[in-house]
Amino acid sequence: MTSKCPLVSFILAALTLSTTFSLQPDQQKVLLVSFDGFRWDYLYRVPTPNFHYVMKYGVHVKQVTNIFITKTYPNHYTLVTGLFAENHGIVANDMFDPILNKSFSLDHMNIYDSDFWEEATPIWITNQREGHTSGAAMWPGADVEIHETFPTHYMPYNESVSFEDRVAKIIEWFTSKEPVNLGLLYWEDPDDMGHHLGPDSPLMGPVISDIDNKLGYLIQMLEKAKLWNVVNLIITSDHGMTQCSEERVIELDHYLDKDHYTLVDQSPVAAILPKEGKFDEVYEALVHAHPNLTVYKKEEIPERWHYKYNSRIQPILAVADEGWYILQNKSEDFLLGNHGYDNALAEMHPIFLAHGPAFRKNFTKEAMNSTDLYPLLCHLLNITAMPHNGSLRNVQDLLSSAPPGPIPYTQSTTLLLGSVEPEYEQEESYPYFIGVSLGSIIVIVFSVIFIKHLIHSQIPALQDMQGEISQPLLQA
Ligand SMILES: *[C@@H]1O[C@H](CO)[C@@H](O)[C@H](O)[C@H]1NC(C)=O
Ligand SMILES: *[C@@H]1O[C@H](CO)[C@@H](O)[C@H](O)[C@H]1NC(C)=O
Ligand SMILES: *[C@@H]1O[C@H](CO)[C@@H](O)[C@H](O)[C@H]1NC(C)=O
Ligand SMILES: *[C@@H]1O[C@H](CO)[C@@H](O)[C@H](O)[C@H]1NC(C)=O
Ligand SMILES: *[C@@H]1O[C@H](CO)[C@@H](O)[C@H](O)[C@H]1NC(C)=O
Ligand SMILES: *[C@@H]1O[C@H](CO)[C@@H](O)[C@H](O)[C@H]1NC(C)=O
Ligand SMILES: *[C@@H]1O[C@H](CO)[C@@H](O)[C@H](O)[C@H]1NC(C)=O
Ligand SMILES: *[C@@H]1O[C@H](CO)[C@@H](O)[C@H](O)[C@H]1NC(C)=O
Ligand SMILES: [Zn+2]
């Protein structure tokens, strides 16, 4: 009986110490931010002091493999479900479901039909089912009723609402009487300008600087609301962007009879639904049509894309090589930048940075899969993940085991020019120090008691000499 007592005390002391190092409930707050179309290497195009500030005091993943197809809706749904497109059902920005006999189209904002979204359950629903509250500022799909649920707070999609107004809502939700633990924030650029100018355009420099200033604004507002060291901020995107050219256009009208098929989704991945009895004709006409177009029958689509087992994936898929554009004919709209291509291409990859009490500081990781974000979010929110295609183990090294001290954020005036690193002050966190010191003292005290007891019980013959023996033992 007595011999177990010090051991129990020792375990209790160790537990006290480990509790000091685990996530505290008030640190389980997550703000997920997506800057649409922010390619991984835009960080180095122009000075981006705010992004670099986050990298220095947080984590940075250099290559994020997103999902095929590298389009907005499929990838945003993956970020909040951890599923491949064939599993979450949002297989494109433009879809036709032959079973539902219904269409979905981003171009026409015909995206509010719940049926399209209900093959998966996004994280805000799971979060709310576990008793928490969520708030979404324009996150794609977050204003759609899914499984009879909306986010606790959300803004109906309206691209005219300013970034500042979106941030104001996020801050309001995190600081309300019943604060959210999960915030989702979306901004349309640099995607819009990337399409318009093409990513290689020198005019993209100011666009990227503007996004960096927006991030600076977000950090300032979080700091002002005393949230900067409390919230785990994750900044990512859905996809990158590649340069297109009118020299690299594939015109379907050159090869196919318009009456023989329906073009469900266009470029750079053409989803082709042949008319009744026209499958062979369409396939044969297209399969060797152009050296920069790879044509697959649905069952031949490469496994690595996880883009096959869903009725919304059409019988024929024609995928353009990077930088090539698919049009029916040249009278249609053409964009200088596009995405949607093979997700193995680096230019399709988004950024990934994170900062907050749960994350390591100044840590760079080479690569991750975007499907791994979902289990990471669930871990941070302390909720049970739905079945998904990611792995927490693959991204666990982004997490710190100890809560870091706060880093107050102060923006210098030079920063507004976007060329100088933000200034900062390092401040130590007293609760952290007290926790570590107390934990250490408790462990040392109980180690002494435990070792003394060991000597008492296991070496009874040496009991009289315990004082002399325990000294060197403790020094070893
Ligand atoms: C995580 O959630 C479980 C149950 O859902 C709860 O018992 C536990 O206390 C939570 N952990 C923290 C650190 O809040
Ligand atoms: C599918 O819907 C269209 C109208 O959108 C209708 O004309 C057609 O008959 C429907 N097809 C079937 C098989 O129900
Ligand atoms: C969208 O937001 C703008 C700017 O706040 C506002 O003027 C406009 O009325 C909004 N549109 C809708 C449909 O709510
Ligand atoms: C387009 O096709 C040609 C001929 O096969 C090939 O040499 C070229 O690399 C292709 N372009 C791309 C971007 O893959
Ligand atoms: C080009 O394609 C569009 C869309 O299918 C069609 O409306 C238009 O008539 C076509 N133009 C020519 C010159 O074929
Ligand atoms: C961040 O890490 C790099 C090397 O990994 C090191 O050179 C640099 O001094 C570190 N910066 C800070 C602020 O710790
Ligand atoms: C991404 O997922 C694939 C398939 O599960 C796996 O083989 C690969 O190691 C993962 N990549 C990273 C960087 O974790
Ligand atoms: C992805 O996850 C879903 C849900 O667990 C599962 O049904 C599917 O088989 C997974 N896909 C792969 C390729 O593992
Ligand atoms: Zn886009």
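Every number here is computed from the coordinates shown, using simple stated rules; none is lab data. If you're wondering where the values come from, they're calculated on a predicted model, not measured in any experiment. In this analysis, Cβ positions are derived from the backbone assuming ideal geometry, glycine residues included, and neighbour counts consider all displayed protein chains.
A few notes on this one:
- Criterion violated by Ala271 - all others in (1) part of a helix (DSSP H, G or I); (2) over 30 Å from Thr175 (Cα atoms) satisfied: (1)
- Annotation note: of Asn158, Asn93, Asn101, the sole residue that is within 30 Å of Ile219 (Cβ to Cβ) and not hydrophobic (A, V, I, L, M, F, W, C) is Asn158.
- For the stretch 323-343, a residue qualifies if it is touching a residue at least 60 places away in the same chain (Cβ under 8 Å) and loosely packed, with under 14 Cβ neighbours inside 10 Å, and the qualifying residues are Asn329, Lys330.
- Answer from Ile235, Ile301, Ile250, Ile219 - the residue that is touching a residue at least 40 places away in the same chain (Cβ under 8 Å) and within 22 Å of Asn75 (Cα to Cα): Ile235
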